[in-house]
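For reference, the structure is listed below as structure tokens.
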Amino acid sequence: MKDKTINQAHVDGSGNIVIQGINGATIIINPNNTDEIRKLVMDFGTKLSELPTEILSMIEKKQDVTATINAGANLYLTILTALHGNSLYNHLKFGLTITNLTKENRYFSQPFFKVSPMATLEKGVEHDTFMMIPEQGNVFPKKLEYGEPISVSYEIKSGAYPMYQTVLDKDKDGFIQAFINTTVGELYESNKLTMNSLFETLKWIKK
């Protein structure tokens with residue numbers, strides 16, 4: 001299983017870091033923004049090795065390890081690809097990484113997901129909130145120490161794509177997003193993952 005998010009990356013004329021995915025989605029990072037740099041490092045994790053040396057050196061020089069962390073947790077939702085010798089067996093997964101940024105232990109509850117706009121389940125029935133069981137089993141509630149991450153994956157069954165297609169049909173910018181709460185009443189949200197990127201990646205792995 002390999003995440004194929006990064007296609008190419010460069011520094012633009014304004015000095016921003018520009019990362020493009022295989023689906024055409026683009027992330028622009030201001031290297032002078034400590035929070036954006038830290039989030040980039042956390043979100044991409046081991047995939048940082050795919051970035052050009054120029055960008056890695058820029059991140060190392062621009063980061064401020066003394067800066068105060070304002071967020072209590074970081075959630076990163078992405079698309080994972082499971083590739084086999086025969087493209088007929090290639091499939092996609094949602095990947096979610098949760099990192100505790102609170103300088104205390106926290107118990108994180110089961111993540112839940114929302115789509116916008118609402119998905120159509122059948123004629124006259126719409127819904128926007130659901131839960132998925134990780135491939136690793138139901139590991140939540142999960143205790144995380146300060147700086148500790150946990151990564152889970154959710155296989156996307158073929159029968160789910162028609163539901164996600166209804167989201168895209170209603171809005172070309174339709175998306176899915178993950179949410180998680182702690183047992184002491186905190187709530188955190190992930191980045192928004194567009195349905196367009198999901199179907200573009202699906203098309204790519206089926207080639």
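The values are calculated or read from the model by the stated rules, or taken from the named source; none is laboratory data. Treat the numbers as computed from the prediction; the structure is a model and nothing was measured. Cβ: placed from backbone, ideal geometry, glycine included. Neighbour counts: every protein chain shown.
Any idea which residue in region 111-161 is surrounded by the most Cβ atoms within 10 Å (Cβ to Cβ), counting only those that are touching a residue at least 60 places away in the same chain (Cβ under 8 Å) and in a loop (DSSP other than H, G, I, E, B)?
111
Does residue 116 satisfy the condition of being over 26 Å from residue 9 (Cα atoms) and within 17 Å of the chain's Cα centre (by Cα)?
Yes.
Does at least one position in region 80-103 carry a residue that is farther than 30 Å from residue 206 by Cβ and either of a type in the set (D, E, K, R) or in the same structural domain as residue 47 (by TED's automatic domain parsing) (or both)?
Looking through region 80-103, at least one residue is farther than 30 Å from residue 206 by Cβ and either of a type in the set (D, E, K, R) or in the same structural domain as residue 47 (by TED's automatic domain parsing) (or both).
Can you pull out the residues in region 27-78 that are of a type in the set (A, V, I, L, M) and at positive phi?
none
Output the residue which, of all residues in region 181-194 that are under 19 Å from residue 43 (Cα atoms) and among the aliphatic types (A, V, I, L, M), is surrounded by the fewest Cβ atoms within 10 Å (Cβ to Cβ).
187
I need the full set of residues from region 79-110 which are farther than 16 Å from residue 188 by Cα, among the hydroxyl-bearing types (Ser, Thr, Tyr) and part of a strand (DSSP E or B), in order please.
Result: 81, single match.
Can you tell me which residue within region 27-72, out of those that are of a type in the set (S, T, N, Q) and at pLDDT 80 or above, is surrounded by the most Cβ atoms within 10 Å (Cβ to Cβ)?
34
Just to be sure before I move on: is residue 19 of a type outside the set (D, E, K, R), buried (at least 16 other Cβ atoms within 10 Å of the Cβ), assigned to a helix (DSSP H, G or I) and in contact with a strand residue (DSSP E or B) (Cβ under 8 Å, 6 or more places away or on another chain) in the structure I sent?
No.
Just to verify a result, which residue in region 88-110, among those that are aromatic (Phe, Trp, Tyr) and surrounded by 18 or more Cβ atoms within 10 Å (Cβ to Cβ), is nearest to residue 148 (Cα to Cα)?
Among residues in region 88-110 that are aromatic (Phe, Trp, Tyr) and surrounded by 18 or more Cβ atoms within 10 Å (Cβ to Cβ), the one nearest to residue 148 (Cα to Cα) is 108.
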